[in-house]
Amino acid sequence: MLQARGISKCFGRLTVLQDASLEICNEIKALIGINGSGKSTFLKIIAGIILADNGQVLLNDKDIIGQPPENRDVGYVPQHPALFRHLNVKENILYGMRNGKGSLEAFEQIIELLDLKDILFKRPRTLSGGYQSRVSLARALVPQPKILLMDEPLSSMDVVLKERILPDFRSVLKKLEIPVLYVTHDPWEAELLADNYAIIDNGQIKQVQTSTEAFDLIRTSILRDFERGQ
Amino acid sequence: MNKEVVRIFFLPLFLLLIVFPVLALVFNLTTEGIKATLVDPYFWNSVKNTIIAALLAAALGLLLAIGFAYYHLFYRNSVVYKIANLFNDLPIALPHTVAGLALLLAFGRKTCGFLGETGAAFTLFAVILAMFFVSYSLAARTLVSGVDQMEPEVIDVARTLGDHPGKVFFRIVLPLMGEALFSGFVLGFSRSVSEFAAVIMFGGNMPGKTQVLASYVFTKVETGDLDMAVTAAVFCVALSLLIVSILTIRRQIYAAS
């Protein structure tokens, strides 16, 4: 279980997160927010990629806020697949094992679930966008992290492809029973993947019950920002 | 209008100030000069010295530039990085005679330098150090630009997969920077080949010992053997064109891939 409490972060004079808190149990939680709302910053603070100004991050009751990313036991799937171009698919997926993270059993199970057996020896640049995303997900899952953090990994894909891939991802994540934080600006995308939802607005996180509620709040937030800009 | 300005000013000036001086060298080649130079053992010795010293200086420069790129990537706010960054720009602004003098005082014989009495001055080793001193910053800048072009997410992912900064750098960053490493080495090599002032100050100009192509040309002009100086100079131009061509072809291949 992950508990992020009172996270604050400023970049210069810009306050991005202000006392933001979120709890994730054994579920897929979507954190929805408009562009620039601080959702990726929040995720990167949990991953240890960005340091918070204040707050606590507890992973299975252990405070990891002072730990570097390599010691946090989190899986990270970034916005772009960010595959290691000089390694083939298999070497990419097994990368965590170089540092003693994961097992061959987990590797076998994940490549089976994500249907990657036939492309193991291909180079990342020869793969389609859909397969690159699958490899990126597999690479984060093989080390068997305590939580998986996904930062809009399908944002560059078209709607048709997303509609095919997201249910696949959901079924894999459910089988592996791993807690997931999925960050997106798109409530529809969240609905296809997540069990429940939270929105991020004005640097704070609010739990919502349905994707429709999230959609309404996001719409209000966009309209408010638009009016401010007028 | 802009096109006309370019045509009127750029082309004539480029032809007059860049192409014409190079062609002037070629047009001044004489058969006697070529023959005399090609049988001169000091010429071939200076070619050998130039290539060996420039290769070693470029390799040393690349090694240090890799260290600088590491600091640039992970410790940009550190004092070490800030000082190193400041010193990186120094060889560009500094007269190279000053660089040579500084090296002479630091590593020369019977000086007040803290590493004086090393006996390094006026040896091929001094030539290598002088070439390295003036070419390192080019390699460092090239590698830093290579690091800046990398997707930051690649590094972030490697960190979450258990790599500490050192591991990320050697397992992920360096293997993905092949092009920058190659360019850094070739630019460092070409800058080393062209160095004269720092080399002559610290390494001297001893024929057969520490003389390099640049100082060979200088000596031949000084002693009035202009034909031989021209031949050696054209050889330098050919060598430089070869280096630049290798770099260009390699960049085209990389861009195509």
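A quick yes/no check of all residues on (1) modelled with pLDDT of 90 or more; (2) over 19 Å from the mean Cα position of the chain (by Cα); (3) within 30 Å of A:Trp188 (Cβ to Cβ):
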position	(1), (2), (3)
A:Glu105	yes, yes, no
A:Gln109	yes, yes, yes
A:Leu120	yes, yes, no
A:Leu137	yes, no, yes
A:Ala140	yes, no, yes
A:Leu154	no, no, yes
A:Met157	no, no, yes
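Across the range A:56-71, the qualifying residues are those that are surrounded by fewer than 19 Cβ atoms within 10 Å (Cβ to Cβ) and away from chain B (no Cβ under 14 Å), and the one among them that is nearest to A:Ala20 (Cα to Cα) is A:Gln56.
Of everything in the range B:150-162 that is assigned to a helix (DSSP H, G or I) and touching a Lys or Arg at 6+ places or on another chain (Cβ under 8 Å), the residue that is farthest from the other protein chains (Cβ to nearest Cβ) is B:Ala158. Against the conditions (1) within 11 Å of another protein chain (Cβ to nearest Cβ); (2) open to solvent by 50 Å² or more (accessible area, probe 1.4 Å), B:Ser145 satisfies every one except (1). Taken over the range B:163-196, the residue count meeting the criterion of being in a helix (DSSP H, G or I), open to solvent by less than 20 Å² (accessible area, probe 1.4 Å) and aliphatic (A, V, I, L, M) is 6. Within the range B:106-123, none of the residues are open to solvent by less than 30 Å² (accessible area, probe 1.4 Å), in a helix (DSSP H, G or I) and in contact (Cβ under 8 Å) with a residue 40 or more places away in the chain.
Yes/no per residue for (1) farther than 30 Å from B:Leu174 by Cα; (2) more than 18 Å from the chain's Cα centre (by Cα); (3) among the aromatic types (Phe, Trp, Tyr); (4) surrounded by fewer than 17 Cβ atoms within 10 Å (Cβ to Cβ):
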| residue | (1), (2), (3), (4) |
| --- | --- |
| B:Asn45 | yes, yes, no, no |
| B:Leu62 | no, no, no, no |
| B:Tyr81 | no, yes, yes, no |
| B:Leu86 | no, yes, no, yes |
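Going by the conditions given, is B:Val230 under 30 Å from B:Asp40 (Cβ atoms), crowded, with 18+ Cβ neighbours inside 10 Å, over 17 Å from the mean Cα position of the chain (by Cα) and β-branched (Val, Ile, Thr)? Judged against the criteria, B:Val230 is a match. If only residues of the range A:77-86 that are modelled with pLDDT of 95 or more and more than 7 Å from chain B (Cβ to nearest Cβ) are counted, the one that is surrounded by the most Cβ atoms within 10 Å (Cβ to Cβ) is A:Val77.
For the range B:208-216, the condition holds for no residue, the condition being that it is among the charged types (D, E, K, R), open to solvent by 30 Å² or more (accessible area, probe 1.4 Å) and in a helix (DSSP H, G or I). Of all the residues in the range A:151-172, those that are away from chain B (no Cβ under 12 Å) and under 30 Å from A:Asn71 (Cβ atoms) number 5.
Just one of the listed residues (A:Val89, A:Val74) is open to solvent by less than 30 Å² (accessible area, probe 1.4 Å) and within 12 Å of chain B (Cβ to nearest Cβ), namely A:Val74.
The one condition from (1) open to solvent by 20 Å² or more (accessible area, probe 1.4 Å); (2) over 30 Å from B:Pro152 (Cα atoms) that B:Thr50 does not meet is (1). State the number of residues belonging to the range A:98-137 that are within 13 Å of chain B (Cβ to nearest Cβ), of a type outside the set (S, T, N, Q) and under 22 Å from A:Asp158 (Cβ atoms). Number satisfying all stated conditions: 4.
The values are calculated or read from the model by the stated rules, or taken from the named source; none is laboratory data. The structure presented is a predicted model; accordingly, all values stated were derived computationally and were not measured. A quick note on method: Cβ atoms are made from the backbone with ideal geometry, for glycine too, and the neighbour counts reach across all protein chains shown. Ligands, DNA and RNA are stripped out before the accessible areas are found, and what is left, the full protein with its side chains, is counted by its heavy atoms. Shrake-Rupley method; radii C 1.70, N 1.55, O 1.52, S 1.80 Å.
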